[in-house]
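Working notes for the structure below.
Just so it is clear, none of the values below were taken in a lab; they were calculated from the coordinates. Fair warning: this is a prediction, and the values are worked out from it, not measured in the lab. Quick reminder, even Gly has a Cβ in these numbers, built from the backbone with ideal geometry, and neighbours come from all protein chains shown.
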Amino acid sequence: MSDSKDICPKCSAPLGDITETQTGKKLRRCSTGSWNSETRQAQGCDYVLWIQAEAKQLDEKCPKCGSNLVLQETRFGKKMKKCSAGSWDKEAKKAIGCDFVEWINGNTEALDIDCPECGKKLVLFTTSTGKKMEKCSTAGWDSKERVATGCTYVRWLKPGEVPVSSAGEEFLPQEPA
Ligand SMILES: [Zn+2]
Ligand SMILES: [Zn+2]
Ligand SMILES: [Zn+2]
């Protein structure tokens, strides 16, 4: 923690104290900015520094490369296990190193992409081995008949690829500054 982290990079005012959102995420707002809960808009400087939850070392090994896994929370509050040998290249917008990621608590995420076949929204599905695919939100599985129901659109993502709607930020946490 250096002193420069206490200064707003936008307006050079000091940052305020750490506050917590309703969902339990921690942040520091610029002291010249505030949140007007009536208009639901930020007033003044809108800089917000999100406090990165510490990655927690897990007593588990990566199934791909054998490195330790860490438990990490994105700034959207989603938890995942990821390989400590992997990281996110912000410039290239792709994962570097080992790309093993396992989402915890539901591995289907809503995407803001329309299905090319039926026009409904797609969801991102992550398998337990960390492979990702986009599939149609209307797709289902009839466990009695053992047949797929709804729209059958599926597109597997290449390792490290992320769906275009979020350019990675939904899927990997911001690197600590
Ligand atoms: Zn500021
Ligand atoms: Zn790995
Ligand atoms: Zn569809």
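Got a number for residues in the range 36-60 being touching a strand residue (DSSP E or B) at 6+ places or on another chain (Cβ under 7 Å) and either touching a residue at least 12 places away in the same chain (Cβ under 8 Å) or surrounded by 14 or more Cβ atoms within 10 Å (Cβ to Cβ) (or both)?
Residues that pass the stated criteria total 14.
Considering only residues that are acidic (Asp, Glu) and either within 16 Å of ligand 2 (Cβ to nearest atom) or closer than 19 Å to GLU54 by Cα (or both), which ones fall in the range 12-40?
ASP17, GLU20
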